[in-house]
1. What residues of the range B:71-105 lie in the reach of a label at residue B:138, counting those whose backbone N is under 13 Å from a point 7 Å from the Cα along Cα→Cβ?
2. Any chance you could give the angle, 0 to 90 degrees and rounded to 10, that helix A:58-83 forms with the longest Cα principal axis of chain A?
3. Between the label point of residue B:81 and that of the same position in each other copy, find the distances and list them shortest first in nm, with every label point placed 7 Å from Cα along the Cα-to-C-beta direction.
4. Just to be sure I understand the model, the point goes 7 Å from the Cα along the line to the Cβ. What's the resulting residue A:21 to residue B:172 distance in nm?
5. When each copy gets a label point 7 Å from Cα toward the beta-carbon at residue B:131, what are the spacings between them in nm, shortest first?
6. So, in nm, how far is label residue A:50 from label residue B:29 when the simple model puts each one 7 Å beyond its Cα toward the Cβ?
7. List the relative contact order of chain B as a percent without decimals, with contacts defined as Cα pairs under 8 Å and 6+ residues apart.
8. Using a basic spin-label model with each label point 7 Å from the Cα along Cα→Cβ, how many nm lie between residue B:82 and residue A:74?
DNA sequence: GCCGACCAACCGACCGTTCGGGTGGGAGAC
DNA sequence: GTCTCCCACCCGAACGGTCGGTTGGTCGGC
């Protein structure tokens, strides 16, 4: 159970990250509010007070976890912007990148997506998330303006529906086996861009009039 | 605040539904666990104990609300099955019907989608929801088999992504103005079936080889 | 022997729920 | 029309239990 990353002084045991991993898993299982420090300590094999040696409050644990998820998501936008090129290509990078973040950091992103904004920590996280959403919506608008995406749908509705699809990963994706993150990303992009309809049949005739 | 549906005996005040509406709104705002009977009573302008005249427990309130949402969703499947016809057409009915249920019963469905399964009540609700998902997945499979939907994507992934899109409504849709539920349903079906890509340009050439 | 990791015992506040009693207005008797 | 009774509706106070957090001190590897 304890961590061992060498170069640790004093009595061996948990470090912050080790505790945080267990805590986030418990938060996701029971919900943040419903997870008491008592049962958390039990899961860790520690006493309650031992946890307060590593974190000053329950809120701080939540803060750290949410920051981890938000930083990763913001990093995806940063990378896409840096890549340059057509808005449609940058959007493609964002969608695939977001799927990878969801898969790689499933616990902390799951926690993020369930935040409702009752405390200061939650409200700050929610504001960062909204800023992320605004930047994605702007990217969709740009892609519509350059003619890469259909323009008969509202950009904010499109980005919300698309990320609704991606975010639903936290409800059903469970890690197992190899590099299926790429496969999921392909599926998401396929549905979002080309839709589910059988590409043959009357589709071509519809387009040709 | 109190209800008035006539033919009510005794001292006028809240009935079960009136309390439930306020309770579900509070549950969605703070989270079920984080909503204490004390603040709920405050919102109702009642004492805590008065609530127990209408409900035997906090759990029972949750149970009623979840049943309302689940019954509506199951009704959509029932209606689509009764309509008959091609699987693709029945799936279309299910998608549009689900959007309407989400919009019409936004509070109770929001509550449903946040249930994690910590109590018996929540576990029962979760099982009903999973049964719903299985029936939708079966419908997608049928539509793939009849050649209406592309078959290169897994049916369960498709239904999860599609309902991820629909369920995201509870995160951002807020009632206001007219009959926009139809408009949202159109948008959802448009994205799900035809995708976001600009239908002109190289799409036709791709299809024609 | 320093110091990081840990513990048992405890705190005030608040939780969901219960209890015994109070109150006001529609319905039926007059 | 008005009287009276019933009952849906409501209250304050208190219950045992659990919450997040604190205190003061112990343990043990480098």
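1. Residues B:77-78, B:81-82 fall inside that zone.
2. 30 degrees
3. Spelled out, the distances from residue B:81's label point are 5.1 nm.
4. Modelled inter-label distance: 3.4 nm.
5. The answer, with the shortest distance listed first, is 4.6 nm.
6. Distance between label points: 4.1 nm.
7. Relative contact order here is 19 percent.
8. 5.2 nm
Bear in mind these aren't lab numbers, they're just calculated from the coordinates by the rules spelled out. Please read all numbers here as calculations on a predicted model, not as lab measurements. Positions of Cβ are generated from backbone atoms using ideal geometry, with glycine treated the same way; all protein chains shown enter the neighbour counts.
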